[in-house]
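We did not get these values from a lab; they are worked out from the coordinates using the rules stated. Just so you know, these numbers come straight off a predicted model, no measurement behind them. No Cβ is skipped: glycine too gets one built from the backbone with ideal geometry, and neighbour counts run over all protein chains shown.
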Amino acid sequence: MSDKNQKIWTKDFILIVLVNFFIFTAFQMTLPTLPLYVQEIGASDRWVGLVVGVFTFSALLIRPKAGSLLDTKGRAPVFLTGLVIFVISMFSLAASFTITILLLVRIMQGAGWGLSNTSTGTIASDLVPRARRGEGLGYFGLSGNIALAFGPALGLFLVEHISFNLLFMLSGVLGIIALVLASRIKYAKPEAAEASPKSRNTHIPRFDIVEAKAMPAASLMFFITVTFGGIATFLPVYTFEEGFESHYIQFYFVIYAAFLMLSRIIAGRVYDRKGLAVVFIPGALLIITAMILLGILATPAFLFIAAALYGFGFGCVQPALQAWAINSVENNRRGMANATFFSAFDLGVGLGAMAYGFVAEVFNYSTIYFTSAFSVTLALILFFIMYSRQKKRNRLNEV
C-alpha cells in the first residue's frame, strides 16, 4: 500500500487525539481565567504577564531535553511523566493563594506542559504516513481546536458561578482522564523511528538543544505566536475595559475555534499537495488583519470578525509549519524537531505576554494588537526571504 493510501485514523491515533483533547480542555479552561484570578488576589497587569511568562519559559527550558529523551529513551516515559506533573500542577493551582505560590506552581505546570505537549506532537507524527503528515497533523490539531471552541468560554462561564479553586480542580480531573487514556497507547520505540541508514548515521551534537533543520519553520512560528500571548493574556481584560459584556469574549473564543477547525480541515491537505507558500501567505495576511481590527475594536463586530480571521489564519499556518519542521529532519530526530518548533511557539507566547504587560501599563491595550500586526508582518517578510533563497538553490541544483 502506498504511503498516500495508508489510513490516518488508527486506534492509537484516535487515542492520542482524545488525550490531546482532554489536556487542552483542562489548559484552555484556565488560560483566560488566570489573568482574572491574578487580579482577584490583588496583582497588577505586570504580574499577569509574568504568570503567563514563567509558565511559557518553564516549558521552553524543558522542551529540548524532552525532545532528546523522546528520541533516545522513548515516547511513553517522557509523555506519562509530563502528564503526571501537569495534573499535579492543576490541582496545586487551587492552593495558590499568593502571587509567589502561583508563580511557583506555574513553573511546575510549564515543565509538565513542555514534556507532554512536545510528546503528543511527536507521537502523532509517528502515527500518520509521511505523505499525509500535513493532513494528519491538521486532524490531530483539531482535538485542541475543539477544546478551544468551548474551553475558554466554559472557564469564563464557570468562574461566574463557582470559585476559581473549584475550576482548577475540575481541570485537574480532566488531566486524570487524559492520563488514563494515554496509558493505553502503543508507543513507537526509539529504534522504530530509524527508517534509513541516513537517519541511523545522523550525528547528534554534544549539546543537543535545538534541531537546526527545523529552525526556519520555528522562527516563523515565533513571530506569529507573539500575537497569541497578547490575545490569551490581555484580550479578556481589554474587552471588559472597553465596556463589552462578559459573554462577548466567550463568543470570541467560540468563533475563533470554529474557524480554526475549518481551516485545519482544509489547510493540511492543501499543504501536502501544493506546498507551504499557498497556505502560509494567506494565513499570515488574515492574522495581520485580525490584529488591526482588535487594535481598533470600535464595536463587538470588530471582535467577532477578528476572531474568525485569526482562527482561520492561525489554523492555516501552524500545522503547515509544524509539518515542514518535521519533514525537514530524519526519522530519529522528530522528537527534537517538535521540541525546537514548540520552543519557538512557547518563546513567542511568553515574550509576548511579558512584553505586553509592560506595553499595557505604559500605553494601552490597543497598542498590544497593533504591535502584534507588525510582528506577523516581520514573519511574512522573513518567509519571502527564505522562499526566494530556496527557489535560487533549486535553480542552481537543476543546472
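Label sites at Ile99 and Lys274, each approximated as a point 7 angstrom past Cα along Cα to Cβ, lie 4.8 nm apart. Bridgeable lysines around Lys274 (alpha carbons under 26 Å apart, same-chain partners fewer than 8 residues away excluded): Lys4, Lys7, Lys213, Lys391, Lys392. In order along segment 153-166, phi translates into HN-Hα couplings of 4, 5, x, 5, 5, 5, 5, 7, 10, 10, 6, 4, 4, 5 Hz, rounded to whole numbers, per the Karplus curve 6.51 cos²θ - 1.76 cosθ + 1.60 with θ = phi - 60° and x for Gly and Pro.
For the options Ala188, Ala353, Ala232, a Gaussian network treatment of the chain with springs between C-alpha atoms closer than 10 Å singles out Ala188 as fluctuating the most. Computed 3J(HN,Hα) for segment 219-230, one whole-Hz value per residue from the Karplus formula 6.51 cos²θ - 1.76 cosθ + 1.60 where θ = phi - 60°, is 5, 5, 5, 4, 5, 7, 6, 3, 5, 5, x, x, glycine and proline marked x.
Which entry in (i) 60, 44, 38; (ii) 96, 55, 54; (iii) 78, 46, 38 matches Cα extents along the principal axes in Å derived from the coordinates of this structure? Entry (i). The Rg/Rh ratio of segment 1-111, with Rg taken over Cα atoms and Rh as the Kirkwood radius over Cα pairs, comes to 1.09.
Note down the magnitude of the dipole of segment 200-355 about its Cα centre, charges +1 on Lys and Arg C-beta and -1 on Asp and Glu C-beta and zero elsewhere, to the nearest 20 debye. For segment 200-355, the charge dipole is close to 740 debye. Expressed per residue, the C-alpha convex hull volume of segment 335-399 stands at 82 Å³.
Measuring how big segment 204-256 is from its alpha-carbon positions, Rg and Dmax come out at 17.8, 55 Å.
In the chain, helices alone account for a calculated mean residue ellipticity at 222 nm of -28000 deg cm²/dmol, with every DSSP H run of four or more residues adding -39,500 (n - 2.57).
Here the 3J(HN,Hα) profile of segment 384-393, calculated from phi with Karplus coefficients 6.51, -1.76 and 1.60 at θ = phi - 60°, is 4, 5, 4, 5, 5, 5, 5, 5, 5, 5 Hz, Gly and Pro shown as x. Exposure proxy for His247, His161: other Cβ atoms within 10 Å of each Cβ, ordered fewest to most, give His161, His247.
Taken along the Cα-to-beta-carbon direction at a fixed 7 Å, the label points for Ile209 and Glu40 span 3.8 nm. Length available on full extension from Leu61 to Phe240: 0.36 nm per residue minus the Cα-Cα distance, which gives 61.1 nm.
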